[in-house]
Amino acid sequence: MTQKQVGIVLFDDVEVLDFCGPFEVLSATRLNEEKRREEPSPFRVLLVAEKAGPVITTGGMKVIPDYTFESCPKLDILVVPGGWGTRKEIGNSVMLDWLRARATEVEMLTSVCTGSMLLGFAGLLEGHKATTHWKSLDWMRDSFPGVTVSYDEHVVEDGSLFTSAGISAGIDMALKLVTRCYGEAVARATARHMEYPYPVDNARRV
């Protein structure tokens, strides 16, 4: 099996479930449930940060990234989580330049919560439909006139671009990635393994 390489971006004050939710879904995916313990996930999930050393999340969890921006291998999927730290990162030219460069290489570009604001400030949402945490929807609308902001959808799929609502929505977004790559049966089996209710609709939940 050739695994798809997934990079999840980390930064200080990243929201924990924003990145841990997609990490859990993608690392728990199996193409054959009967060989769950014998076969790996079709996704190889990597944590990537600007610099080496611990990243301190919202709430104080310390996370060690697998790669820095400089050492990160080629990716097939990029996941950009959100959290309070995005307010600082939207002014970080190193972050925005790296996102722009990687966006040209990946098959799918995705975000959770206010991670979409990082994509927006990197110029990667222009001309697309997108969403974000409900508290930041007006911020997205006012910041990016060229973006069609969805106020009603939990996850927005626009071609190879996936954006999602707040925090726990990253789990649903990742299940849609699994569906896109390997079909709904595999996504449903993954949700069942996690004892997570498979989404029956795509309506925003607040």
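The values are calculated or read from the model by the stated rules, or taken from the named source; none is laboratory data. Fair warning: this is a prediction, and the values are worked out from it, not measured in the lab. Cβ sites come from the backbone with ideal geometry, for glycine too, and all protein chains shown count toward neighbours. Side chains included, ligands, DNA and RNA excluded: accessible areas come from the protein's heavy atoms. Shrake-Rupley method; radii C 1.70, N 1.55, O 1.52, S 1.80 Å.
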Kindly indicate whether any position in the range 102-124 is basic (Lys, Arg) and over 20 Å from residue 181 (Cβ atoms).
no
Determine whether the range 2-11 contains at least one residue that is closer than 19 Å to residue 182 by Cβ, surrounded by fewer than 17 Cβ atoms within 10 Å (Cβ to Cβ) and touching a Phe, Trp or Tyr at 6+ places or on another chain (Cβ under 8 Å).
yes
What do you reckon, is residue 60 farther than 23 Å from residue 159 by Cα and either of a type in the set (S, T, N, Q) or surrounded by 20 or more Cβ atoms within 10 Å (Cβ to Cβ) (or both)?
no
Among residues of the range 14-39 being among the polar types (S, T, N, Q) and open to solvent by less than 50 Å² (accessible area, probe 1.4 Å), the residue nearest to residue 116 (Cα to Cα) is 27
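Taking the condition closer than 25 Å to residue 41 by Cα and modelled with pLDDT of 95 or more, does residue 177 pass? Can you show your working first?
Numbers: closer than 25 Å to residue 41 by Cα: yes; modelled with pLDDT of 95 or more: yes.
So residue 177 passes the test.
Residues that are under 19 Å from residue 7 (Cβ atoms): find the helices (runs of 4 or more DSSP H) completely inside the range 123-194 holding 2 or more of those.
Where helices (runs of 4 or more DSSP H) fall fully within the range 123-194 and carry at least 2 residues being under 19 Å from residue 7 (Cβ atoms), they are 169-182.
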Take the range 149-167 and flag every residue that is closer than 17 Å to residue 100 by Cα and buried (at least 23 other Cβ atoms within 10 Å of the Cβ).
162, 163
Residue 119 passes all but one of the listed conditions (1) assigned to a loop (DSSP other than H, G, I, E, B); (2) open to solvent by less than 30 Å² (accessible area, probe 1.4 Å); the exception is number (1)
Select from the range 163-202 the residues that are touching a Leu at 6+ places or on another chain (Cβ under 9 Å), closer than 28 Å to residue 84 by Cβ and hydroxyl-bearing (Ser, Thr, Tyr) and list them in ascending order.
163, 168, 196
